[in-house]
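Notes follow the structure.
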Amino acid sequence: MIKRKPTIIAQHISDNSVVLTLKVDADILDFQGHFSSHPLLPGVTQIDWAMHYGHTLLHANPLFGGMEVVKFQEPILPDSILKLSLTWSDEKQKLHFIYTSDKGTHSSGRIKLGNK
């Protein structure tokens, strides 16, 4: 079985936000070929996960409309434990994401979803 998503250790969902504790397993397919001697989780995978969990847990619009204020600050390595915090604004059709760990902020940004 090809693994593309992390293991969810814990989740807390409120009206328009969710905080997931994730284990970024070393056998996730996206690590392959992304620097074979020093694997890093690609930024596009981080955005994909934010969209996936935003849609499935917060019912965010699944249609990608662009990115705003995206920052990749700290690499995400295999077997990392992270928190993914998502906030969905239905009015603005924007999903805010931030990946954090004991090392600080790994990445953050806003994803425009839908036709607005």
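The values are calculated or read from the model by the stated rules, or taken from the named source; none is laboratory data. The model shown is predicted, which means the values in this text are computed figures rather than measured ones. Cβ placement follows ideal geometry from the backbone for every residue including glycine, while neighbour counts extend to all protein chains displayed. Only protein heavy atoms, including side chains, enter the accessible area calculation; ligands, DNA and RNA are left aside. Shrake-Rupley method; radii C 1.70, N 1.55, O 1.52, S 1.80 Å.
Here are the numbers for the structure shown:
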| quantity | calculated |
| --- | --- |
| Solvent-accessible area, 1.4 Å probe, carbon plus sulfur percent, for the chain | 54 |
| Cα lying deepest toward the dipole's positive end in the chain, options Asn16, Leu82, Tyr99, charges on Cβ | Asn16 |
| Positive-pole candidate from Gln32, His52, Gly66, dipole of the stretch 1-71, charges at beta carbon | Gln32 |
| Accessible area of the chain divided out per residue, in Å², using a probe of 1.4 angstrom | 56 |
| Between 0 and 90°, nearest 10: helix 43-58 axis offset from the chain longest Cα axis | 50 |
| P(r) histogram, all alpha-carbon pairs of the chain included - 10 Å bins from 0, percent | 14, 47, 32, 6, 0 |
| Lys, Arg +1 and Asp, Glu -1 on Cβ, resulting dipole of the chain about Cα centre, debye, nearest 20 | 220 |
| Dimensionless Rg ratio for the stretch 42-92, taking C-alpha atoms and the 2.2 N^0.38 Å reference | 1.22 |
